[in-house]
Amino acid sequence: MMTRILLLGLVAAGLLFSGASRATQLITEEEAKLPPPKGAVAADRRGILRGPKVEFVSTGDSVSSPMRLQLRFESFGGAKIDPDSVKVTFLRTPNVDLTPRVKPFVRADGINMQDAELPPGDYTVRVDIKDSDGRPGTAIFTLKVAPK
């Protein structure tokens, strides 16, 4: 009886530890093979904006996978960032909505995804947010993932 309990405990502990250390697949191999968008990528940056700011925190020119995906959000004029408004898009043809994969890592001050898994390559990502006053903010950046 004691051996059975010990064995069940070891199996349960193994399952817990194996699930805790898994990376989150941000972009799949199939999505990485989609063609890039045709033409220029539009970014609306006219005039003086009071909307929120999205800043990609880079760790260098090229990173290896799994990587840390970190973004900072900044709001202005007493407004707060609306975490439910965050939308993350991998710009391809057709575009790939990454929001459900990133949502667990979204906070009012940004995104902090410790282990984002991506195949090697260059990936253009767009992040859209809104503040509590409904003002939009957008950032477009490129993730450069080196081969292992």
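The values are calculated or read from the model by the stated rules, or taken from the named source; none is laboratory data. Not measured: the values here are computed from a predicted model. Positions of Cβ are backbone-derived with ideal geometry, glycine not excepted, and every protein chain shown enters the neighbour counts. What goes into the accessible areas is simple: the full protein's heavy atoms, side chains included, and nothing from ligands, DNA or RNA. Shrake-Rupley method; radii C 1.70, N 1.55, O 1.52, S 1.80 Å.
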Taking the convex hull of Cα positions in the stretch 72-131, its mean projected area over all directions (nm²): 4.6
Paramagnetic reach from D122 (point 7 Å along Cα→Cβ, amide N under 13 Å) across the stretch 62-89: 62
Added length on full extension, which subtracts the Cα-Cα distance from 0.36 nm per residue, E29 to T89: 20.0 nm
Share of carbon and sulfur in the accessible heavy-atom surface of the stretch 61-124 [1.4 Å probe, %]: 48
Of K80/K144; K38/K103; K103/K130; K33/K148; K53/K103, those spanning more than 21 Å from alpha-carbon to alpha-carbon: K80/K144; K38/K103
